[in-house]
Structures are given as C-alpha cells and as structure tokens.
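What follows draws every value from the coordinates through simple rules; no lab data is involved. Computed from a predicted structure; not experimentally measured. For neighbour counting, all protein chains shown are included, and Cβ atoms are generated from backbone atoms with ideal geometry for every residue, glycine included.
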Amino acid sequence: EKGGWSSFMAKEISEEPDAVANTILGRVQDGLVRLTEFEPLGDDVIANIDRIVVVACGTAAYAGMLGKYAIEAWARVPVDVELAHEFRYRNPILTDRTLVISISQSGETMDTLMAVKFASESGAKVVSVCNTHGATIPRESDAVVYTHAGPEVAVASTKAFVAQVTALYLIGLHIAGVRGTLSDELIRENVAELQAVPAKISEVLVTSQSIKQLAHWMTDTQSVLFLGRHVGYPIALEGALKLKELAYIHAEGFAAGELKHGPIALIEPGQVVFVIVPSPRDPNSLHKKVVSNIQEIRARGARVIAIAEKGDAAVLPFADEVIPIPLAGSFFEPLLAVIPLHIFGMELSAAKGLDVDQPRNLAKSVTVE
Ligand code: M6R
C-alpha cells in the first residue's frame, strides 16, 4: 500500500535510508563484516578466486559498477561488470577460480537468470544479490546475499539500488577480510562509514525538496546530460536511465573525462547538464578535474546543476544550481548523490502528468529475453 504517498515510487524513495540500514543489519560483528551466506562456499574458494564477474541489467548493473570500484580497491581482485545478456552470448572465459556475482531486485530477470545458469554450467561459483526471497535466480546460485529493501513496486528501481550497493560493499569488505587485503582497522572505518549512510540519506531527502521546482521548470526540456567521474560515473548513468524511463526524455550519462573525446560537441546554450562532483577532499584530486569540466561546459552555455558536497565553494561560481550532499568517504558519496536524481526523475514524470509507477512499455520484472 502507498500509505499516504502520491506514488509507490515516492514511498520507496522515502525508504532508501531503511533499505541501506536493514541490509547491513546482522552482518556486522565487532565492527567487521561477517557474511554467513558465504559459508557454503568455504573460505578457500574466496581465497583462491582470481577474478570476479558481475552480471546484471539496468539499474542493477550500475550498482555492480559501484561494486567494482569498491571490491577492487578493498579486496584487490579484478572485477568485470557485464550486462547479463551481453555476457551470456559471447562465449566468456570462466574458470573454477572465477566468482560470478549476479544482481537482481526481482530475482526473475530472464537475461540475468540465463547468465547465472551459464556461469554455473561453466564451473564458476555464483553468488547472487537479490531482494526477493526464494526467487528463481537465488535458487540457481551457490550462495545468496539478500538485500533487505522490502518489496519494490514502482517500475523504476530506487531503494533496491542503494540496498544492492550496500550488499556489494559488504561483500567487498568480507572478501577483503578473508584475503587479508585490508587491515581490521580500515575495514572498521569503512563499515562505520557505511553505517552512517542511512542518516545522511535522510538528510538528503529533506534538503532535496527544491528539486520539485527544478522539475516543473524543465517539463519541456528535450535532452539532459549527466556527468560523473569514478564512482560518480555509474550515478550519471543511473540519473540518465531514470529520466528515460520515467519522463521519456532523451538523457545520456558520461564519464566526465570523456567529454573532450566527443560529447562536448553536444553542449549548446541552454543544455541542461547534471554534474556529480567528487568531494574536494578526494585523495585523487578528481574534484579539480570535474570543476574544470564544469567550467568547460559552462563556457559553452550549459546550464549546470551540480550535486556537490555541502560547503564546496569551488563549484558555486560555475553552477546554476547546487544540490548539497553531506560529507562522506568517496565510496559512500554515490549513495547520497543518487537520491536527488531519483527524486528528480519522479518529479519530472509527475510534472509531465505521466504515470510515475508504471511508465509506458516497461514491466517491473523482465521475464523474457
Ligand atoms: O529485477 P532486476 O533487478 O533484475 O531488474 C533489472 C532491471 O530491469 C531494472 O533495474 C530496470 O533497469 C529498472 N526499471 C531501472 O529503474
């Protein structure tokens, strides 16, 4: 039931803090991650894997991309993220040292299921991240890490996405613990950051109210671009997908570094560009690079909407609008930056008088290939 909300999507966005909190619940002991779900696989399997392949579709694949950044950084295992339907039909190389991680909210997505079956038959171990108990994909897998987002009804995935990222981060920290690639102290630091995310999302939910006005102003907009770098890149893709499916607007997400390799030619006066800005405290100084990307597009007349850390003074002179997010470690910023984009997709759909929960031509679970 919608329980007073205007749509299931509105309700589900409001549940994003709980989706993260409940997915962490019971999986942290003494500040470290303990995933009993991995027990059937045995620690030696985790110790011996030489590659991880993530298979998923749509929003779940973007969660997978964030998982790649985190798992590679923490567990030092190479991770490839593949769209399940592309992976399945190109004769991929799998061995008994490959761990396949599938991600699916419904657990019934046929493209992902076919990839899981194929991986199992090829001798790889399969761990699934799934939000639906007893669904087909978990039943075909060697182990399951359930996300506890609660049932998701709206076609556009929101709370399941943040729960999937949470589960992947827990998996990354678990594997890092088993393989000894991260000290207990660093694992604890990251766990604490993750545990702090729900309260920060709640903060973003409050400060993002202004997005409604933005959406109203943009009902006639034909095209919107999204730029992000590093963990901001999957968020740019997610923001664009939400606009396509919810508001039927042409939208593209780009890696900000790719701008000058082509996409900057799209920038003309009035083009709306959302930019996900890394923290000015980013250890790789990506902040500076993204700010200079903003300057480049601004000089060509783009209308810049920046999602940036609270108090980031460097973006202010160049952005038409700044949506502030609380301070967080770099892997945790995307869980905050995605919230305004979920709200924006929903508000734009509503402002255009469209069906927020059931966009045209789409089904909640895609059970055909
Ligand atoms: O149930 P799944 O997580 O397997 O679904 C995957 C995609 O179909 C899904 O995320 C889709 O992209 C959403 N409608 C995006 O909001």
**Asked** Does at least one position in region 264-277 carry a residue that is of a type outside the set (Ser, Thr, Tyr), within 16 Å of the ligand (Cβ to nearest atom) and either crowded, with 21+ Cβ neighbours inside 10 Å or not in a loop (DSSP other than H, G, I, E, B) (or both)?
**Response** no
**Request:** Evaluate the following for Lys125: is it farther than 23 Å from Thr166 by Cβ, touching an Asp or Glu at 6+ places or on another chain (Cβ under 7 Å) and not β-branched (Val, Ile, Thr)?
**Result:** no
**Any chance His133 is surrounded by fewer than 24 Cβ atoms within 10 Å (Cβ to Cβ), farther than 16 Å from Ala61 by Cβ and either in contact with a helix residue (DSSP H, G or I) (Cβ under 6 Å, 6 or more places away or on another chain) or not hydrophobic (A, V, I, L, M, F, W, C) (or both)** = yes
**Asked** Which residues, taken from region 16-35, are among the β-branched types (Val, Ile, Thr) and within 16 Å of the chain's Cα centre (by Cα)?
**Response** Val20, Thr23
**Item:** Within region 90-135, tally of residues that are closer than 19 Å to Thr367 by Cα, outside any helix (DSSP H, G or I) and out of contact with any strand residue (DSSP E or B) (no Cβ under 9 Å at 6 or more places or on another chain)
**Value:** 2
**Request:** Tell me which residues, restricted to region 138-150, are closer than 29 Å to Ser349 by Cα and either within 12 Å of the ligand (Cβ to nearest atom) or touching a strand residue (DSSP E or B) at 6+ places or on another chain (Cβ under 9 Å) (or both).
**Result:** Thr147, Ala149
**Message:** Yes or no: region 341-355 includes at least one residue that is within 26 Å of Gly67 (Cα to Cα), more than 16 Å from the ligand (Cβ to nearest atom) and either in a helix (DSSP H, G or I) or in contact with a helix residue (DSSP H, G or I) (Cβ under 6 Å, 6 or more places away or on another chain) (or both).
**Reply:** no
**Request:** Count, please, the residues in region 283-293 that happen to be free of Cβ contacts under 8 Å to residues at least 60 places away in the same chain and not hydroxyl-bearing (Ser, Thr, Tyr).
**Result:** 6
**Pairs where the first residue, in region 138-162, is farther than 25 Å from Gly239 by Cα and the second is more than 8 Å from the ligand (Cβ to nearest atom) and hydroxyl-bearing (Ser, Thr, Tyr), C-beta under 6 Å, 6+ apart** = Pro138/Ser128; Ser141/Ser128; Val144/Ser128
**Prompt:** Does Ala115 qualify as being within 13 Å of the ligand (Cβ to nearest atom), without any contact (Cβ under 8 Å) to a residue 40 or more places away in the chain and more than 16 Å from the chain's Cα centre (by Cα)?
**Reply:** no
**Request:** Answer with yes or no whether Ala306 is surrounded by 18 or more Cβ atoms within 10 Å (Cβ to Cβ), under 27 Å from Ala196 (Cα atoms) and touching a helix residue (DSSP H, G or I) at 6+ places or on another chain (Cβ under 6 Å).
**Result:** no
**Prompt:** Looking at region 256-279, which of its residues are farther than 23 Å from Leu214 by Cα and either over 21 Å from the mean Cα position of the chain (by Cα) or touching a residue at least 40 places away in the same chain (Cβ under 8 Å) (or both)?
**Reply:** Leu259, Lys260, His261, Gly262, Pro263, Ile264, Ala265, Ser279
**Asked** In region 1-46, how many residues are among the aliphatic types (A, V, I, L, M), outside any loop (DSSP other than H, G, I, E, B) and under 16 Å from Ile101 (Cα atoms)?
**Response** 3
**Asked** Can you find a residue in region 142-154 that is of a type in the set (Ser, Thr, Tyr) and under 30 Å from Gln358 (Cα atoms)?
**Response** yes
**Request:** Output the residues belonging to region 229-252 that are touching a Pro at 6+ places or on another chain (Cβ under 8 Å) and assigned to a helix (DSSP H, G or I).
**Result:** Gly232, Pro234, Ile235, Glu245, Leu246
**Item:** Filter result (among the small types (Gly, Ala, Ser) and away from the ligand (no atom under 14 Å from the Cβ)) within region 48-93
**Value:** Ala70, Ala73, Ala75
